[in-house]
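Just passing along the structure, written as structure tokens.
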Ligand SMILES: Cc1cc2nc3c(=O)[nH]c(=O)nc-3n(C[C@H](O)[C@H](O)[C@H](O)COP(=O)(O)OP(=O)(O)OC[C@H]3O[C@@H](n4cnc5c(N)ncnc54)[C@H](O)[C@@H]3O)c2cc1C
């Protein structure tokens, strides 16, 4: 879907500006309070969400037929350059991970009943969800080895297993759980996705304090235990054995969602760095006059723009329903490196200030580390890219970006 199909360029710029203004006027000034992740921060978030919904700045990742205000992937990439600037904004506009990805697969694979019961409250902002795939006992990078099982007993699935890093599970209404339902099938057909209410008997949720989060509500990363958990057979999402395929459908776009937001983080760190370099004096002049700082600024500008163009290219291909697997993997590991580097340089230019809660950089820095791991570690994405390229050459063709 092209931006122009639904909005003129001028209307789109206006919409982007509306997100920017909302963030600058309502979120940035209360950032220090939100960072505390306590009850007062929660209350503030409720108010901000209400205001964002009233202003129709809401669920921009989903198309209107799913209840969102989305305009396609490319348009969403542009909006995220604003939304990503402040880590709380995705939640304020109801497009936060993992609900965004869960909303997309419920929209794509859910039955009408599942959409009504689980998707609608997500889109309306009345509930949150979690995605429960990774397990502490086996490699998350290679999910073919997951062990959690779901066995059909009459008209109920009985689920047993232990997951962790189920982000946002604390306080969620439900989770989408990856479980082995076809143990004898080939590795990529062994798993299914099943919707599990968070309050089902046998579900235990325990937040695990993690770098960048103080452990409260939607930002928690939780260990979730499933002990003889029974849910109706109709809670199966999609077909039996299609769990891996659906996960790929979810994680591909999900990875770009992350990178889109990282662009906002990069840009903000860059702006902070340039402003500070001009203001701060040392050794007889502003930091901006030191050549090392000038090199950092030039390198950051080039790297951020490279990430932007890779993102827009991948988003455009997804909108055109073209295969973008290599593009997404290239983007994921390349942008994670740029994100870390840009924020790190911005911290360095700020000196000690960059490490305090008086600058947003310290929180941005701690969040950026996970970018190299979640939704596939850097090394796995590099493996995917080189495998695809080498397979093409091995078959006698030449690989190139198109
Ligand atoms: C902030 C955050 C949020 C997350 N949210 C969720 C969530 O909501 N739901 C969910 O299910 N999971 C979630 N995860 C889990 C995440 O998807 C996994 O951590 C990730 O897939 C890696 O799995 P692992 O941690 O088990 O690492 P492992 O699989 O144990 O890998 C460890 C390391 O081994 C190396 N490695 C692995 N394979 C290769 C290879 N082929 N070549 C070279 N090196 C390799 C990499 O350096 C990797 O970091 C989250 C993780 C983080 C950090």
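The values are calculated or read from the model by the stated rules, or taken from the named source; none is laboratory data. Since we're looking at a predicted model, the values are computed, not measured. Here the Cβ is made from the backbone with ideal geometry for all residues, glycine too, and neighbour counts use every protein chain on show.
Looking at (1) surrounded by fewer than 17 Cβ atoms within 10 Å (Cβ to Cβ); (2) more than 14 Å from the ligand (Cβ to nearest atom); (3) in a helix (DSSP H, G or I); (4) touching a residue at least 24 places away in the same chain (Cβ under 8 Å), which one does residue 337 not meet, given that it meets all the others?
Residue 337 satisfies all of (1) surrounded by fewer than 17 Cβ atoms within 10 Å (Cβ to Cβ); (2) more than 14 Å from the ligand (Cβ to nearest atom); (3) in a helix (DSSP H, G or I); (4) touching a residue at least 24 places away in the same chain (Cβ under 8 Å) except (2).
How many residues are in a strand (DSSP E or B) and within 11 Å of the ligand (Cβ to nearest atom) if we restrict to region 172-212? Show your work before the answer.
As a first pass, look at region 172-212 and keep what is in a strand (DSSP E or B): 174-180, 191-197, 203-207, 210.
Add one more test, that the residue is within 11 Å of the ligand (Cβ to nearest atom), and what stays is 175-178, 210.
Result for region 172-212: 5.
Please work out if residue 347 is within 16 Å of the ligand (Cβ to nearest atom) and either out of contact with any helix residue (DSSP H, G or I) (no Cβ under 6 Å at 6 or more places or on another chain) or part of a helix (DSSP H, G or I) (or both).
Numbers: within 16 Å of the ligand (Cβ to nearest atom): no; either out of contact with any helix residue (DSSP H, G or I) (no Cβ under 6 Å at 6 or more places or on another chain) or part of a helix (DSSP H, G or I) (or both): yes.
It is false that residue 347 is within 16 Å of the ligand (Cβ to nearest atom) and either out of contact with any helix residue (DSSP H, G or I) (no Cβ under 6 Å at 6 or more places or on another chain) or part of a helix (DSSP H, G or I) (or both).
For residue 171, all conditions in the list (1) under 17 Å from residue 99 (Cβ atoms); (2) touching a strand residue (DSSP E or B) at 6+ places or on another chain (Cβ under 7 Å) hold save one; what is the number of the exception?
Going through the list (1) under 17 Å from residue 99 (Cβ atoms); (2) touching a strand residue (DSSP E or B) at 6+ places or on another chain (Cβ under 7 Å), residue 171 breaks only (2).
Something else about it: Out of all the residues in region 350-363, which are part of a helix (DSSP H, G or I) and touching a helix residue (DSSP H, G or I) at 6+ places or on another chain (Cβ under 7 Å)? Explain how you work it out, then say what you get.
As a first pass, look at region 350-363 and keep what is part of a helix (DSSP H, G or I): 350-355, 361-363.
Of everything in region 350-363, those that are part of a helix (DSSP H, G or I) and touching a helix residue (DSSP H, G or I) at 6+ places or on another chain (Cβ under 7 Å) turn out to be 350, 354, 355, 361, 362, 363.
Using the structure shown, decide if residue 161 is assigned to a helix (DSSP H, G or I), touching a residue at least 60 places away in the same chain (Cβ under 8 Å) and within 15 Å of the ligand (Cβ to nearest atom).
Values: assigned to a helix (DSSP H, G or I): no; touching a residue at least 60 places away in the same chain (Cβ under 8 Å): yes; within 15 Å of the ligand (Cβ to nearest atom): yes.
So residue 161 does not fit the description; no.
Okay, moving on. Quick one: would you say residue 151 is in contact with a strand residue (DSSP E or B) (Cβ under 7 Å, 6 or more places away or on another chain) and more than 28 Å from residue 26 (Cα to Cα)?
Values: in contact with a strand residue (DSSP E or B) (Cβ under 7 Å, 6 or more places away or on another chain): yes; more than 28 Å from residue 26 (Cα to Cα): yes.
Considered against the rule, which asks whether it is in contact with a strand residue (DSSP E or B) (Cβ under 7 Å, 6 or more places away or on another chain) and more than 28 Å from residue 26 (Cα to Cα), residue 151 comes out as yes.
Looking at region 97-117 only, could you name the residues that are in a loop (DSSP other than H, G, I, E, B) and near the ligand (Cβ under 9 Å from one of its atoms)?
Step one: list which residues in region 97-117 are in a loop (DSSP other than H, G, I, E, B), which gives 97-98, 110-111.
97, 98 - these are the residues of region 97-117 that are in a loop (DSSP other than H, G, I, E, B) and near the ligand (Cβ under 9 Å from one of its atoms).
If I filter region 23-40 down to residues being under 21 Å from the mean Cα position of the chain (by Cα) and part of a helix (DSSP H, G or I), which single residue comes out as modelled with the lowest pLDDT?
Among those residues, the one meeting the criterion is 35.
Going through region 132-158 one residue at a time, which ones are near the ligand (Cβ under 8 Å from one of its atoms) and either surrounded by 15 or more Cβ atoms within 10 Å (Cβ to Cβ) or under 19 Å from residue 197 (Cβ atoms) (or both)?
Of everything in region 132-158, those that are near the ligand (Cβ under 8 Å from one of its atoms) and either surrounded by 15 or more Cβ atoms within 10 Å (Cβ to Cβ) or under 19 Å from residue 197 (Cβ atoms) (or both) turn out to be 132, 133, 134, 135, 140, 143.
Rundown of residues vs (1) more than 23 Å from residue 250 (Cα to Cα); (2) more than 15 Å from the ligand (Cβ to nearest atom), yes/no style:
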position	(1), (2)
354	yes, yes
370	no, no
379	no, no
390	yes, no
394	yes, yes
398	yes, yes
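Could you give every pair whose Cβ atoms fall below 7 Å, whose first residue belongs to region 209-228 and is closer than 19 Å to residue 150 by Cβ, and whose second residue is more than 13 Å from the ligand (Cβ to nearest atom) and in a loop (DSSP other than H, G, I, E, B), counting only separations of at least 6 or pairs across chains?
Note: pairs meeting the criteria are 226/202; 227/202; 228/202.
Now for a separate question. Is it the case, given these coordinates, that residue 169 is modelled with pLDDT of 95 or more, buried (at least 20 other Cβ atoms within 10 Å of the Cβ), within 14 Å of the ligand (Cβ to nearest atom) and outside any strand (DSSP E or B)?
Details: modelled with pLDDT of 95 or more: yes; buried (at least 20 other Cβ atoms within 10 Å of the Cβ): yes; within 14 Å of the ligand (Cβ to nearest atom): yes; outside any strand (DSSP E or B): yes.
Yes, satisfied.
Same structure again: Go through the residues of region 118-131 one by one and say whether even a single one is touching a strand residue (DSSP E or B) at 6+ places or on another chain (Cβ under 8 Å), assigned to a helix (DSSP H, G or I), within 16 Å of the ligand (Cβ to nearest atom) and closer than 30 Å to residue 359 by Cα. Break it down stepwise before answering.
Step one: filter region 118-131 for residues touching a strand residue (DSSP E or B) at 6+ places or on another chain (Cβ under 8 Å), giving 118, 122, 127, 129-131.
When the remaining residues are screened for being assigned to a helix (DSSP H, G or I), the result is 118, 122.
Applying the additional criterion that residues be within 16 Å of the ligand (Cβ to nearest atom) yields 122.
Next, only the ones that are closer than 30 Å to residue 359 by Cα stay: none.
Taking every residue of region 118-131 in turn, none turns out to be touching a strand residue (DSSP E or B) at 6+ places or on another chain (Cβ under 8 Å), assigned to a helix (DSSP H, G or I), within 16 Å of the ligand (Cβ to nearest atom) and closer than 30 Å to residue 359 by Cα.
Of the residues in region 314-325, how many are in a helix (DSSP H, G or I) and in contact (Cβ under 8 Å) with a residue 60 or more places away in the chain? Quick ask: steps written out before the conclusion?
Narrowing region 314-325 to residues in a helix (DSSP H, G or I): 314-319, 325.
Then drop every residue that is not in contact (Cβ under 8 Å) with a residue 60 or more places away in the chain, which leaves 315-316, 318-319, 325.
Total satisfying the criteria: 5.
Okay, next question. Filter region 213-239 down to the residues that are assigned to a strand (DSSP E or B) and in contact with a helix residue (DSSP H, G or I) (Cβ under 6 Å, 6 or more places away or on another chain), then identify the one that is modelled with the highest pLDDT.
Step one: filter region 213-239 for residues assigned to a strand (DSSP E or B), giving 213, 221-232, 236-237.
Among the residues that remain, those that are also in contact with a helix residue (DSSP H, G or I) (Cβ under 6 Å, 6 or more places away or on another chain) are: 213, 237.
Working: 213: 77, 237: 98.
Among them, the one singled out is 237.
While we're looking at this one, here's another question. Out of the residues in region 263-313 that are in a loop (DSSP other than H, G, I, E, B) and surrounded by 14 or more Cβ atoms within 10 Å (Cβ to Cβ), which is farthest from the chain's Cα centre (by Cα)?
Quick first cut of region 263-313, residues in a loop (DSSP other than H, G, I, E, B) only: 280, 283-284, 290.
Narrowing further to those that are surrounded by 14 or more Cβ atoms within 10 Å (Cβ to Cβ): 280, 290.
Details: 280: 35, 290: 36 Å.
Applying the filter and picking the extreme gives 290.
I would also like to ask the following. For the structure I just gave you, tell me whether residue 384 is within 14 Å of the ligand (Cβ to nearest atom) and in a helix (DSSP H, G or I). Break it down stepwise before answering.
Details: within 14 Å of the ligand (Cβ to nearest atom): yes; in a helix (DSSP H, G or I): yes.
Criteria met by residue 384.
For residue 361, are the conditions met, namely being within 16 Å of the ligand (Cβ to nearest atom) and either at pLDDT 95 or above or closer than 16 Å to residue 261 by Cβ (or both)?
Working: within 16 Å of the ligand (Cβ to nearest atom): no; either at pLDDT 95 or above or closer than 16 Å to residue 261 by Cβ (or both): yes.
It is false that residue 361 is within 16 Å of the ligand (Cβ to nearest atom) and either at pLDDT 95 or above or closer than 16 Å to residue 261 by Cβ (or both).
Count, please, the residues in region 213-229 that happen to be buried (at least 20 other Cβ atoms within 10 Å of the Cβ), more than 10 Å from the ligand (Cβ to nearest atom) and more than 21 Å from residue 368 (Cβ to Cβ).
The qualifying residues number 2.
Would you check which residues across region 345-375 are crowded, with 17+ Cβ neighbours inside 10 Å and under 17 Å from residue 288 (Cα atoms) and list them?
345, 346, 347, 349, 350, 354
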